[in-house]
Amino acid sequence: MTDKPQPSPDDWVDLYGDYLYRYALLRLKNPATAEDAVQETFLAAVKGQDRFDGRTDIKFWLRGILRNKIVDHIRKAVREDVVEDTEAQGILDSFWFKHSGVAAIRPAPWQFDPYRAFEKTEFWEIFRSCLDQLREPLRTAFTLKMLEDQSSEEICKILGVSPNNLWVMMHRARSLLKTCLEKKWAKRA
Amino acid sequence: MLTCKQVSRALERGDYAKLPPLSRLALRLHVAMCVVCGGYNRQVMAFYDAVRAFLKAEDADLGNARVRLPDATRVRLKETLRGTSPGR
Ligand SMILES: [Zn+2]
């Protein structure tokens with residue numbers, strides 16, 4: 001692959017502003033915070049232009065910077081609004097979990113074929129709305145782990161929870177999402 | 001042979017699709033057949049598969065969504081960027 005000419009910073013706002021803003025808004029849910037994240041991204045990008053190697057589309061390079069800024073904002077928001085998940089401890093303390101770990105967890109089978117649903121565009125709208133309905137801190141945990149690909153160690157630090165607690169939070173997030181998906185996807189059919 | 005614990009650990013760490021093909025296959029086989037951890041880990045895998053497809057759909061949608069960066073912000077950003085010089 002050869003390097004292709006890349007747009008100059010003067011054009012970044014017009015070319016990528018909307019894309020980055022939408023992405024930030026999806027993750028942060030708050031227009032003002034999303035704008036901040038976009039601004040920080042552009043500033044960091046201008047200052048770090050020489051670190052861009054020109055091998056990928058500049059859009060994805062900018063998005064990579066934005067994703068770090070988003071995690072920073074989540075980190076800040078969590079610190080200001082400390083959340084605790086008391087339900088999690090219940091599962092960890094249960095006799096069966098202590099006795100046999102994940103073998104004690106037997107999720108009910110899906111009420112629809114998820115893999116067939118993945119092929120439908122409408123499914124992802126439902127997935128998004130179920131994700132947005134997750135209560136905190138489950139939504140943040142799921143977003144960081146699954147959407148923003150953060151390590152468990154990092155998420156534990158951000159949320160101030162133990163690895164076990166994070167594990168239960170992820171389990172609960174999946175169970176709640178599944179229940180929501182089943183309800184909404186079945187209703188639609 | 002992988003143990004249930006190894007499989008669960010690997011799936012906790014991150015998307016199994018990013019593992020080398022052989023490890024991925026070993027995981028898939030274990031989870032498909034294991035009566036102990038299969039029920040749980042199949043669900044974990046389904047969510048990785050779901051999220052991967054979701055992110056792809058999301059990215060396609062980002063290109064044609066109706067939401068736009070507010071004009072005032074756009075103008076302000078351009079001014080800020082013009083006043084910022086590249087660092088070293
Ligand atoms: Zn197993």
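The values are calculated or read from the model by the stated rules, or taken from the named source; none is laboratory data. On a predicted model such as this, the values are computed, not experimentally measured, just so you know. With ideal geometry, Cβ positions are generated from the backbone for all residues, glycine too; neighbour counts draw on all protein chains shown. Note: accessible area is taken over every heavy atom of the protein model, side chains too, but ligands, DNA and RNA are not part of it. Shrake-Rupley method; radii C 1.70, N 1.55, O 1.52, S 1.80 Å.
Couple of notes before you dig in:
- Net charge contributed by nearby residues that have their C-beta within less than 11 Å of residue A:150 (K/R +1, D/E -1): 0
- Other protein chain Cβ atoms within 10 Å, averaged over every residue that makes up A:59-71: 0
- Treating each Cα of chain A as one equal point scatterer and applying the Debye formula with no solvent, the log10 of I(q)/I(0) at q = 0.18 Å⁻¹ comes out as -1.22.
- Its residue count N sets the reference 2.2 N^0.38 Å, and the alpha-carbon radius of gyration of segment A:100-159 equals 1.39 times that reference.
- Solvent accessible area, Å² - residue B:61, 1.4 Å probe, full protein context: 80 Å²
- Within chain A, helix-based [θ] at 222 nm, where runs of 4 or more DSSP H residues each add -39,500 (n - 2.57), nearest 500: -22000 deg cm²/dmol
- Peptide packing for B:16-23, A:16-23 was compared via the average number of neighbouring C-beta atoms within 10 Å per residue; ordered from the highest value, the list is A:16-23, B:16-23.
- Karplus-derived 3J(HN,Hα) values for segment B:44-57, using 6.51 cos²θ - 1.76 cosθ + 1.60 with θ = phi - 60°, are 4, 5, 4, 6, 4, 4, 4, 5, 4, 5, 4, 5, 5, 5 Hz; glycine and proline are entered as x.
- Shown in residue order for segment A:109-124 are the 3J(HN,Hα) couplings computed by the Karplus curve 6.51 cos²θ - 1.76 cosθ + 1.60 at θ = phi - 60°: x, 4, 7, 8, 7, x, 5, 6, 5, 4, 7, 9, 4, 4, 4, 6 Hz (x for Gly and Pro).
- Per residue of A:16-28, other chain Cβ atoms within 10 Å of the residue Cβ number 4 on average.
- Computed over the Cα atoms of segment B:4-82, the ratio of the radius of gyration to the Kirkwood radius (Rg/Rh) comes to 1.31.
- Heavy-atom accessible area, probed at 1.4 angstrom with all protein chains present, ranks B:79, A:35 as B:79, A:35, highest first.
- Cysteine residues of chain A whose Cβ has no partner cysteine Cβ closer than 4.7 Å: A:156.
- Per residue of B:42-55, other chain Cβ atoms within 10 Å of the residue Cβ number 6 on average.
- Cα-based radius of gyration for segment A:86-188, normalised by 2.2 N^0.38 Å, reads 1.16.
- Expected 222 nm ellipticity per residue - DSSP helices of 4 or more, -39500 (n - 2.57), all of chain B, to 500: -22500 deg cm²/dmol
- FRET efficiency estimate (nearest 0.05) - Cβ-Cβ, residue A:50 to residue B:49, R0 41 angstrom: 0.60
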